[in-house]
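Novice: Let me begin by handing over the structure; questions about it come next.
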Amino acid sequence: MKLSKEIKTGIVVVISIGILIYGFNFLKGKDIFIKKNFYYAVYPSVGGLVTANPIQVNGFKVGHVQDMQLFDSEGRIIITMNITDKNLKIKKGSVAKIISSDLLGSKAVNIILGQSDEILKNGDTLASDIEASLQEQVDATVRPLKEKAQKLLVSIDS
């Protein structure tokens, strides 16, 4: 049975559209063929975290940030974490901490695993925490020195 040129062209177009959709989703950080486990965390501020940023456990990438939305009228933000590592069992008491992943300030979510024997189910919410930024750490270190210098200047002035 011979296929006409129109049918061959139609098959090529359909396959091309499928590859285009898969490639577009892949570039957005979504892989449609991997089983996904979703977990949630609520933060008062995300400070530069964006969708497709990595989710890590001990520096190893286990997933990515799938979505971020305003959670309530207080301005808190809920993030959806897509965990693609099927061997990872997140235990109760685990904490999702927003960290700086490099010196340029890009963010990641580091999951600090809990010690409980109970494993969280798909769709559960993790406790949240935010690492202090480099500027906040420098300010905390310099503030006592600044106060001492001001007191010294006042005493020298008098």
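The values are calculated or read from the model by the stated rules, or taken from the named source; none is laboratory data. On a predicted model such as this, the values are computed, not experimentally measured, just so you know. Virtual Cβ from ideal backbone geometry, glycine too; neighbours counted across all protein chains shown. The accessibility values were calculated without ligands, DNA or RNA, using every heavy atom of the protein model including side chains. Shrake-Rupley method; radii C 1.70, N 1.55, O 1.52, S 1.80 Å.
Novice: Using a 1.4 angstrom probe on the protein heavy atoms only, line up R143, R76 by accessible area, largest first.
Specialist: If we order R143, R76 from most to least accessible, we get R143, R76.
Novice: In sequence order, what are the phi-derived ³J(HN,Hα) couplings for the stretch 53-62 according to the Karplus relation 6.51 cos²θ - 1.76 cosθ + 1.60 with θ = phi - 60°, rounded to whole Hz, with x for glycine and proline?
Specialist: Each residue's phi maps through the Karplus curve to give 5, x, 9, 10, 10, 6, x, 9, 6, 10 Hz.
Novice: Still on this structure, please answer the following. Would you mind calculating the gained length between Q135 and L153 on full extension (0.36 nm times residue separation, minus the Cα-Cα distance), in nm to one decimal?
Specialist: Values: separation 18, 0.36 × 18 = 6.48 nm, distance 2.55 nm.
Contour length minus Cα-Cα distance gives 3.9 nm.
Novice: So what's the projected area for the stretch 70-158, the Cα convex hull averaged over all directions, in nm²?
Specialist: About 10.2 nm², averaged over all directions.
Novice: Only Cα pairs under 8 Å and at least 6 apart count here; give the relative contact order of the chain as a rounded whole percent.
Specialist: 21
Novice: Over all directions, average the projected area of the Cα convex hull of the stretch 48-107 and note it in nm².
Specialist: Answer in nm², one decimal: 4.9.
Novice: Further question on the same structure: Find the all-direction average of the projected area of the Cα convex hull for the chain, expressing the result in square nanometres with one decimal place.
Specialist: Over every viewing direction, the Cα hull of the chain projects on average to 17.3 nm².
Novice: Still on this structure: Go ahead and collect, in residue order, the members of the stretch 45-59 whose backbone nitrogen is under 18 Å from a label point 7 Å along the Cα-Cβ direction of S100.
Specialist: Those under the cut-off are 45-50, 54, 59.
Novice: Can I ask one more? What figure in square angstrom, to the nearest 10, would you give for the accessible area of S16 with a 1.4 Å probe?
Specialist: Counting only protein heavy atoms, S16 exposes about 60 Å² to solvent.
Novice: Sticking with this one: Can you tell which of I90, V109, S158 lies farthest toward the positive end of the dipole of the stretch 7-158, using +1 and -1 charges on the Cβ of basic and acidic side chains (Lys, Arg; Asp, Glu)?
Specialist: Of the listed residues, the answer is I90.
Novice: Here is a further query. Among DSSP bridges having both ends in the chain, what percentage is antiparallel? Round to the nearest 5.
Specialist: 75
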